[in-house]
Amino acid sequence: MKLEDLTVIKPAPTPGDTSWFTHDRFGMFIHWGLYALGARHEWLKNYERIPTEIYDDKYFRHFDPDLYNPELWADAAKDAGMKYFIITTKHHEGFCLWDSAYTDYKAPNTPYGKDILTPMVDAFRSRGLRTGFYHSLLDWHHPDYTVDACHPMRDNADYIAKDAERDLSRYVDYLHNQTMELLTRYDPVDIIWFDFSVGPNDRFPGKGKEVWRSEELIEKIRAVNPKIMIDDRLQIDQDVKTPEQYMPDGWYKVNGVPVVWEGCHTFSGSWGYYRDEQSWKSVDQLLKMLIDSVSMGGNLLLNVGPTGRGEFDERAYDRLRGIGKWMRRHARSIYGCTQAPLEFECPRDCRYTYNPETKRLYLHMYSWPFGKIRISGEVAEHVEYIQILSDASEMRFSYNAENRTVDIPLPIYKPLGADIPVLEIYLK
Ligand code: FHN
């Protein structure tokens, strides 16, 4: 087969502009809010059924991240090879990081006394990273937000009884107003990442596209920013599917059709800062999550939960540095890459990524086989030149046309400076 006749998957077209997104592949998610002070999961208000008065007395009244310096965050993201960031402008607790005109429950009204979002957007944009806003549909603080299966007060009969006085549509007006406030004040925002639609249970109705007036909201958003990417959690599919905390076993599909997708993952389980959590993934694991995602045509959104002082956890910096060390030499096996042609068989313990523009194939070796590695079948017929990506050293090979195999003798030791070695294969 000719190279151009091979089957390279293209995702279904999207209403917003995803061209940069499917090129850049790697972003930073940031979960930050009052829950950083609790330092035991961003859902602590729900898990511990904490009434708002107590929650705010503890955390709103003590929020003062004096070491907050978003320049350091942006540097860490850029040096790790990330190309965009998505910040929780408001999470389920309802606390807003920016100086919203629609609420007093915001960072400028805490002891910290300042808008947190503007310097962050400026810092990341000044380093060429694109801007994404996570915005919670749930709001455990707003007076008109009614009780549902995920509400901290779901077992509090007195609180539930007051639902009769709550006007959920007034809350949804607030949601629409704040969304438009964010998109106009920080225009151009590249991604709006809503989270999430609540399922019904035997006690409470759910909250989905009808409640959020999702169609109307999407229309308003596209009217001010037609190219923006909108995620899938308004219950109306838009620009990106968002599988969370698991790795699909193939290109993510909707009704059998491959789509633009992004896997969002934590370093260690919780999204918000969790002081005593010890389940931190290794750099090797994280790199394999990035490569796996791209090898199946997707993006990786890796989350950081800053502390109550406004710093990234040392364990996060350590992982970001490790990822950056590999990306410095291997970035072109990620950026602009996607799933390899379907006709290409991949050797054991390896992954392929493929750049359809440069016609270069990247063989990521998760283990270093002894003596040689063989690539077989259709791919073997297209091999023109091979080098180790990290140091551009030639890898000589022998092609057997009868067996359609290419054998590549390997040195005993895997190359230095490449936690995960990559062979860059020029195709003809
Ligand atoms: O409840 C949230 C959770 O706190 C976190 O924000 C994740 C990130 O995608 N989304 C929800 C759980 O699906």
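The values are calculated or read from the model by the stated rules, or taken from the named source; none is laboratory data. Treat the numbers as computed from the prediction; the structure is a model and nothing was measured. Note that we place each Cβ from the backbone using ideal geometry, even for glycine, and neighbour counts take in every protein chain shown. The area values use the complete protein model at the heavy-atom level, side chains included, leaving out ligands, DNA and RNA. Shrake-Rupley method; radii C 1.70, N 1.55, O 1.52, S 1.80 Å.
Per q in 0.15, 0.17, 0.18, 0.24 1/Å, what log10 I(q)/I(0) does a Debye calculation on the alpha-carbon atoms of the stretch 300-405 return?
So the normalised log intensities work out to -0.76, -0.91, -0.99, -1.50.
Probe radius 1.4 Å, ligands and nucleic acids left out: which of GLU277, GLU215, GLU48, GLU93 has the largest accessible area, and how do the rest follow?
Listed by decreasing accessible area, they come as GLU215, GLU48, GLU277, GLU93.
Please work out the average accessible area per residue across the chain, using the 1.4 Å probe convention, and give it in Å².
About 41 Å² of surface per residue is accessible.
Considering Cα pairs under 8 angstrom that are at least six residues apart, work out the relative contact order of the stretch 175-258 and quote it in whole percent.
28 percent
Tell me the relative contact order for the chain as a rounded percent, counting alpha carbon contacts under 8 Å between residues six or more apart. Walk me through the numbers before you get to the answer.
Numbers: 876 pairs, mean separation 79.5, N = 428.
Worked out over the chain, it gives 19 percent.
If you add up the charges near PHE370, with Lys and Arg at +1 and Asp and Glu at -1, over every other residue whose beta carbon is less than 14 angstrom from its beta carbon, what do you get?
With Lys, Arg at +1 and Asp, Glu at -1, the neighbours total +2.
Lysines near LYS372 by alpha-carbon distance under 16 Å, same-chain residues fewer than 8 away left out - which ones?
Straight-distance partners of LYS372: LYS414.
If I ignore ligands, DNA and RNA and count only protein heavy atoms, how much of MET1 is accessible to a 1.4 Å probe, in Å² to the nearest 10?
Only protein atoms counted, so the area is about 110 Å².
Can you give me the angle between helix 283-295 and the longest principal axis of the chain, using Cα atoms only, in degrees from 0 to 90, rounded to the nearest 10?
80 degrees
Measure nothing but the geometry: give the 0 to 90° angle between the long axis through the Cα atoms of 168-185 and the longest principal axis through the Cα atoms of the chain, rounded to 10°.
50 degrees
Please compute the Kirkwood hydrodynamic radius over the chain, one decimal place, Å, based on all pairs of different Cα atoms.
Across the chain, the inverse of the average 1/r is 23.2 Å.
With an 8 Å cut-off on Cα pairs and a minimum separation of 6 or more residues, tell me the relative contact order of the stretch 1-113 in percent.
This gives 32 percent for the stretch 1-113.
Which percentage, to the nearest 5, of the DSSP beta bridges contained in the chain is antiparallel?
Taking every DSSP beta bridge within the chain, about 50 percent pair in antiparallel fashion.
Could you tell me what percent of the accessible area of the chain is made up of carbon and sulfur, with a 1.4 Å probe and every protein chain present?
49 percent
Loop-only chymotrypsin sites (Phe, Trp or Tyr not before Pro) in the stretch 332-428, please: DSSP not H, G, I, E or B, and at most 10 other Cβ atoms within 10 Å.
Passing both the DSSP loop test and the Cβ count: PHE370, TYR413.
Would you calculate a helix-derived [θ] at 222 nm for the chain, using -39,500 (n - 2.57) for each DSSP H run of n ≥ 4 and dividing by the full residue count, to the nearest 500?
Per the formula, -7000 deg cm²/dmol.
Starting with the highest mean, order 223-231, 259-267 by the number of other Cβ atoms within 10 Å, averaged over the residues of each peptide.
With the highest mean Cβ count within 10 Å placed first, the list reads 259-267, 223-231.
So for the stretch 87-159, considering every pair of alpha-carbon atoms, how many percent are separated by more than 18 Å?
I get 49 percent for the Cα pairs in the stretch 87-159 exceeding 18 Å.
Order the following by accessible area, largest value first: ARG125, ARG185, ARG154. Probe radius 1.4 Å; ligands, DNA and RNA are ignored. Spell out each step's value before the answer.
Working: ARG125 80, ARG185 115, ARG154 30 Å².
Per-residue accessible area, sorted high to low, gives ARG185, ARG125, ARG154.
Output needed for the stretch 130-264: three equivalent-ellipsoid semi-axes, defined as square roots of 5 times the C-alpha gyration tensor eigenvalues, in descending order, whole Å. Mind showing how you got there, number by number?
Numbers: eigenvalues 156, 82, 29 Å².
Its equivalent ellipsoid spans semi-axes of 28, 20, 12 Å.
State the number of lysine pairs found in the stretch 174-287 whose Cα atoms come within less than 26 Å, restricting to pairs 8 or more positions apart or on distinct chains.
12
What list of ³J(HN,Hα) couplings, whole Hz, do you get for the stretch 77-88 from phi and the Karplus terms 6.51, -1.76, 1.60, once you set θ to phi - 60° and write x for glycine and proline?
5, 4, 5, 7, x, 7, 10, 8, 9, 10, 10, 6
Could you state the angle between the C-alpha long axis of helix 314-330 and the longest principal axis of the C-alpha atoms of the chain, as a value from 0 to 90 degrees rounded to the nearest 10?
30 degrees
Using a 1.4 angstrom probe with every protein chain in place, what is the largest-first accessible-area order of CYS346, CYS337?
From most exposed to least exposed: CYS346, CYS337.
Order 135-141, 19-25 from most to least packed using the mean count of other Cβ atoms within 10 Å.
135-141, 19-25
So what does log10 I(q)/I(0) come out to for the stretch 13-158 at q = 0.13, 0.18 Å⁻¹, using the Debye formula with one equal point on every Cα and no solvent?
Ignoring solvent entirely, the Cα scatterers give -0.65, -1.08.
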